[in-house]
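Notes follow once the structure below has been shown.
The values are calculated or read from the model by the stated rules, or taken from the named source; none is laboratory data. All of these numbers come straight from a predicted model, not from anything done at the bench. Because the Cβ atoms are built from the backbone with ideal geometry, glycine has one as well, and the counts that use them run over all protein chains shown.
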Amino acid sequence: MKVLLISQPDRYRKLPDFPPLGIGYLGAVAHKAGHKVLLIDGGLHSIAQIVAEAEKFEPDIIGITCWNIGRSPG
């Protein structure tokens, strides 16, 4: 299976403070299980570049990180 993992794209492309470790760990587990894995750091690529890479890779499944900052109950 082809697995594409994308860290959260950022409209302000810049060098991130740290590499996307979460998808790195997931990618390592998927690779160890025998899957072909492509990781894309959304902080370094435009949306157009991400789409082009995804189309070229033709993944069976795509995972995208996201942040949800909400209020805690109480």
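Does Pro73 count as at pLDDT below 85 and loosely packed, with under 12 Cβ neighbours inside 10 Å? Write out each step before concluding.
Numbers: at pLDDT below 85: yes; loosely packed, with under 12 Cβ neighbours inside 10 Å: yes.
When the stated conditions are applied, Pro73 passes them.
Check Val51 against each of (1) in a loop (DSSP other than H, G, I, E, B); (2) free of Cβ contacts under 8 Å to residues at least 24 places away in the same chain and name the one condition it does not meet.
Unmet for Val51, out of (1) in a loop (DSSP other than H, G, I, E, B); (2) free of Cβ contacts under 8 Å to residues at least 24 places away in the same chain: (1).
Take Leu39 and tell me if it is in a helix (DSSP H, G or I) and touching a Leu at 6+ places or on another chain (Cβ under 9 Å). Reasoning before the result, please.
Numbers: in a helix (DSSP H, G or I): no; touching a Leu at 6+ places or on another chain (Cβ under 9 Å): yes.
When the stated conditions are applied, Leu39 does not pass them.
If you take the residues in the range 28-53 that are farther than 17 Å from Thr65 by Cβ and at pLDDT 95 or above, which one is surrounded by the fewest Cβ atoms within 10 Å (Cβ to Cβ)?
Among those that are farther than 17 Å from Thr65 by Cβ and at pLDDT 95 or above, it is Gly34.
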